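Novice: Have a look at the structure that comes next, please.
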Amino acid sequence: MLTRFLGGFFRRIFRLIWGIGWRVSVVTALIIGIWAFYDYSTLPPVAKLYDGRSRGSVTLLDDQGKPFAWRGETYDQVTAASISPYLKHAIIATEDRRFYSEFGVSPRGIIGAMLINMRAGRGPFHGNGGSTITQQVAKLLCDGRPYNPKIWKTQQDYVADCRRTTLWRKIREVPYALAMEAKYTKDQILTVYINRAYLGAGTRGFEAASERYFGKHASQVTPAEAAMLAGLLKAPSYYAPTSSLERAQSRANLVIDLMKQQGYLTLAQAAEAHAHPAVLSKAAATRAGGYFADWVMDSGPSFLTNDTTEDVTIRTTLDQKVQAAAEAAMHDVFESKLKPGSKVQAAIVVMSPDGAVRAMVGGRTAEPPGAFNRATQALRQTGSAFKPFVYAAALDMGMSPNDIVEDSPLTVDVPGSGPWSPKDFDPTYMGPVTLTTALAHSLNTSAVRIALKVGLDNVRKVATDFGIDSKLAKGPALALGVSEVTPLDLTGAYAGILNGGSSVKPYGLIDLSLRGDKQPLIGKEGGIGERVISQKADQELIYMMNQVVNQGTGQRAKLPDREAAGKTGTSQLSRDAWFVGFTAHYVVGVWLGNDDDSPLTGTTGGGLPAEIWHATMVGIDKTLDVTPAPLPMIQPPPPSQTGPIDGGQTAQGGQGNYVIDRLVNSVIGALTGKN
């Protein structure tokens, strides 16, 4: 009796649950069906879904037309049929092994993922998603919701909101996924996925990622490379090989095993992929020209560079071999000469005589885009590296490299500052010397005397016309390089000396065009400008700077097989050390210093900067097999027997130098208020 009662009770409960359940299921299915039908009617042609970026991309090409840097969200369209079969299988094995057999939604996968998340102590929708590829595409498309600036402040906010996983979002994905399954083929859905997925390092889609990381098309990747690319889907930024190659390879090994288990790779293919893991292309591994790329990006209009919504290609002047030589030179000298833990920073600029920048190092290590670039942003005192402009003004006014100038104690009363007495680095004075010797040995009192003789305004004008685009000091300390200049501007000014005495505007951008367009939108804006000093004065100056390297403060920069010219520089309290110089083909500027402006220890411009300069030039010549060529210089006639240029002393013989001394006395009198 009791058994019959309980049996009847449970049958009635089951019929009640069943009755309610099938009715609810029918209603739910009807709602989902209506909803899916509505979504179906709103879906556009599939090709319009491929590119879902909120911003465009910039691809930078070197002087040989090869990509070396990327900015923005790089993208190149491919189809599921055009990519490597290994890549297609890696994506399916990793993300949705039943993709081709299911109808867009996997309740079993969702429930399984929820259980895994809860067992791990996370919320049911945090961690594993359990979504099919179709559901992931629905999320990438934000379930069909377009960007609305009234709801989201920025495109980034919109994308972040679309990526959030909630119960409602999971429910909303279902009808949209079903609509896509009804509207598009499986390969079309997969094509949307492989084009829209973000894969780290600013790449959108597998073609862009393959180009970025491996320097090849997605149709050409090996099983190991395909596994690494597919492995990025789990956490693009974390597993990006540019962030950690070891981490990316470890993730790729898991994908290789999945491909083997699902029959996409043979045992031999899997073993080969494990034994020879994917590695980055040379450009991706070295982040070649990152500082240079930042500078070029800033040199163009922002709406076509940093804020572009178009896909842009920029041809540049960068020579990757020269870039590698500069980076290697700095690394080798620093490794062998600096103490462990040293925080000394450096900048290197390599330039052609016309101002085309061939390499740029903005710091000791490669940094992410937007990092502080010491080559273009650091304003530092030049020290004696400024002196060539003092002598350029003097030579242009008719003086000769063999004219005599006094190196002896000098005191000038500067209005508002009082007496000022420049000192030489060497406490002993050399007495009467030629201008050539004064520059070669970087004599401070001689440089000040020359600057006063030709006029400080004339010195400032020559420096400014050569491209020193910064506020120059007003007093006589101008001659000793107390003004602040960027390494780029100073190197450009020296390029003007090499090219015959004309100004130079450094440039890195050759032209900028929209992808697919043959006609550039922007062309080169730098190059050689107006003449600053006469050709004769310029060639005499180059001779004097050649003597700096041959027998003066820059002897560590001397090259074994070709002529070189340059100038050392050490700023006040040894905060900055420079060597800037050139051969017939290249100008190289090297700066060393601390970011906090603290003094350097035991470093002058004739030391480590000259050694880095030497190593850079040797590396360039060796890598490019540059044929030695003479410098465009002229050696002056023998010294005359006239008296020295001396601030305040009467010249001993020679009408020309008597007039020079009167000019010096007049300038000093004007500075001190005395006649």
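The values are calculated or read from the model by the stated rules, or taken from the named source; none is laboratory data. In this text the structure is predicted, and so the values were computed from the model without any measurement. Note that each Cβ is placed from the backbone with ideal geometry, even for glycine, and that neighbours are counted across all protein chains shown.
Novice: Within the group Val344, Val296, which residue is over 17 Å from Glu525 (Cβ atoms), modelled with pLDDT of 90 or more and among the β-branched types (Val, Ile, Thr)?
Specialist: When all the criteria are applied, what remains is Val344.
Novice: Which one of the conditions (1) buried (at least 24 other Cβ atoms within 10 Å of the Cβ); (2) over 30 Å from the mean Cα position of the chain (by Cα); (3) closer than 18 Å to Ala393 by Cα does Val504 fail to meet, given that it meets all the rest?
Specialist: For Val504, the failing item is (2).
Novice: Collect the residues in segment 376-431 that are acidic (Asp, Glu), crowded, with 24+ Cβ neighbours inside 10 Å and under 20 Å from Val482 (Cβ atoms), keeping them in residue-number order.
Specialist: Selection gives Asp407 alone.
Novice: Tally the residues that are crowded, with 19+ Cβ neighbours inside 10 Å and either in contact with a Ser or Thr (Cβ under 7 Å, 6 or more places away or on another chain) or over 29 Å from Gly496 (Cβ atoms) (or both), restricting the search to segment 322-343.
Specialist: Matching residues across segment 322-343 total 3.
Novice: Counting only residues that are of a type in the set (Ser, Thr, Tyr), farther than 21 Å from Asp596 by Cβ and free of Cβ contacts under 8 Å to residues at least 24 places away in the same chain, how many does segment 318-371 have?
Specialist: Final tally of qualifying residues: 1.
Novice: Within segment 141-189, how many residues are surrounded by 14 or more Cβ atoms within 10 Å (Cβ to Cβ), of a type in the set (Val, Ile, Thr) and at pLDDT 90 or above?
Specialist: The total comes to 1.
Novice: Across segment 560-579, which residue is surrounded by the most Cβ atoms within 10 Å (Cβ to Cβ) among those that are closer than 17 Å to Ala479 by Cα and charged (D, E, K, R)?
Specialist: Once the filter is applied, the top-ranked residue is Lys567.
Novice: Among residues belonging to segment 580-611 that are among the hydrophobic types (A, V, I, L, M, F, W, C) and surrounded by fewer than 23 Cβ atoms within 10 Å (Cβ to Cβ), point out the one that is farthest from Ala356 (Cα to Cα).
Specialist: From segment 580-611, those among the hydrophobic types (A, V, I, L, M, F, W, C) are 580, 582, 584, 587-588, 590-592, 600, 608, 610; that's our starting set.
Checking which are surrounded by fewer than 23 Cβ atoms within 10 Å (Cβ to Cβ) leaves us with 584, 600.
Numbers: Ala584: 14, Leu600: 31 Å.
Only one residue fits best here, namely Leu600.
Novice: Checking the condition touching a Gly at 6+ places or on another chain (Cβ under 7 Å) and small (Gly, Ala, Ser), which residue from Ala394, Ala356, Ala347 passes?
Specialist: Unique residue meeting the criteria: Ala347.
Novice: Still on this structure: Does segment 571-583 hold any residues that are in contact (Cβ under 8 Å) with a residue 60 or more places away in the chain and either aromatic (Phe, Trp, Tyr) or over 17 Å from Glu484 (Cβ atoms) (or both), and which are they?
Specialist: Residues satisfying the conditions are Trp578, Phe579, Gly581, Phe582.
Novice: When residues of segment 602-633 are filtered for being over 30 Å from Lys536 (Cα atoms), touching a residue at least 24 places away in the same chain (Cβ under 8 Å) and more than 27 Å from the chain's Cα centre (by Cα), how many remain?
Specialist: Of the residues in segment 602-633, 3 are over 30 Å from Lys536 (Cα atoms), touching a residue at least 24 places away in the same chain (Cβ under 8 Å) and more than 27 Å from the chain's Cα centre (by Cα).
Novice: Answer with yes or no whether Thr445 is under 45 Å from the mean Cα position of the chain (by Cα), closer than 19 Å to Ile497 by Cβ, at pLDDT 95 or above and not in a loop (DSSP other than H, G, I, E, B).
Specialist: So Thr445 fails the test.
Novice: Condition first: crowded, with 21+ Cβ neighbours inside 10 Å, of a type outside the set (Phe, Trp, Tyr) and touching a His at 6+ places or on another chain (Cβ under 7 Å). Now tell me which residues in segment 233-266 satisfy that.
Specialist: Matches in segment 233-266: Ile256, Met259.
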